[in-house]
Amino acid sequence: MLAFIDAHRDQYGVESICKQLPIAPSTYYEHKARRSDPSRIPKRVQRDAELRGSIRRVWQENFRAYGARKVWKQLHREHIPVARCTVERLMRQDGLKGVVRGRRTRTTIPADIAQKPLDRVQRRFAASRPDELWVADFTFVATWAGFVYVAFVIDVFARRIVGWRVSRSMRTELVLDALEQALHARQAEK
């Protein structure tokens, strides 16, 4: 944006260009002054520039495996005081990530040949009475023993779980068992 203003300022003037763009003339002049006098750069920006080099160095020295927490701890060992959230922010801005252990768990594996069910409620999840609309959810939960898969059936009107099942395997029967439990529980209440 500054380059555009610089290119056209002689023809139109800074104020008239800034009036059309989402930038105040004072902001433009401040950025120009910072380019010519680096002492006008805000302290946070100066500190971030110093920290970026240290963060990248620590990250590369440790085989690009360290995440923000370990980089932060290493910086403190080297007597470079910095907040952990600052390390997280700068690593995110620079695209630096640590290695994550384990594998990702996929709960939905679409089959190209499988028929997709119709959206019978048109994405309007509202009910005027109990048992008018049920929705189901299927997810996984990390435990000390590994991942377990959980299926829920929820009554939209009461916002209450009416059926659920937990299993160590991701099978269709898990969801069907949760639905059968919901049907059985609702019939027993009537």
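Key figures for this structure:
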| read-out | value |
| --- | --- |
| Unmet criterion (only one of (1) in contact with a Lys or Arg (Cβ under 8 Å, 6 or more places away or on another chain); (2) of a type in the set (S, T, N, Q); (3) loosely packed, with under 12 Cβ neighbours inside 10 Å) for Asn62 | (3) |
| Residue match in segment 170-177 (condition: hydrophobic (A, V, I, L, M, F, W, C), surrounded by 14 or more Cβ atoms within 10 Å (Cβ to Cβ) and more than 30 Å from the chain's Cα centre (by Cα)) | no |
| Residue in segment 109-117 that is among the polar types (S, T, N, Q) and in the same structural domain as Phe138 (by TED's automatic domain parsing) present | yes |
| Scope segment 19-36; condition surrounded by 14 or more Cβ atoms within 10 Å (Cβ to Cβ) and either over 17 Å from Ala7 (Cα atoms) or β-branched (Val, Ile, Thr) (or both); matching residues | Ile23, Arg34 |
| Single match in Arg77, Arg106, Arg89 (criterion: outside the structural domain of Phe147 (by TED's automatic domain parsing) and either of a type in the set (Gly, Ala, Ser) or under 26 Å from the mean Cα position of the chain (by Cα) (or both)) | Arg89 |
| Residue count, segment 153-167 (criterion: of a type outside the set (A, V, I, L, M) and in contact with a strand residue (DSSP E or B) (Cβ under 6 Å, 6 or more places away or on another chain)) | 5 |
| Of all residues in segment 125-149 being in a loop (DSSP other than H, G, I, E, B) and aromatic (Phe, Trp, Tyr), the one that is surrounded by the most Cβ atoms within 10 Å (Cβ to Cβ) | Phe125 |
| Single unsatisfied condition, Gln122 versus (1) more than 22 Å from Arg44 (Cα to Cα); (2) surrounded by 14 or more Cβ atoms within 10 Å (Cβ to Cβ); (3) over 19 Å from the mean Cα position of the chain (by Cα); (4) not hydrophobic (A, V, I, L, M, F, W, C) | (2) |
| Where Ala182 falls short, out of the listed (1) in a loop (DSSP other than H, G, I, E, B); (2) more than 30 Å from Gln46 (Cβ to Cβ) | (1) |
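The values are calculated or read from the model by the stated rules, or taken from the named source; none is laboratory data. This structure is a prediction, so every number in the text was calculated from the model and none was measured. Cβ coordinates were reconstructed from backbone atoms using ideal geometry, including for glycine residues, and neighbour counts include every protein chain displayed.
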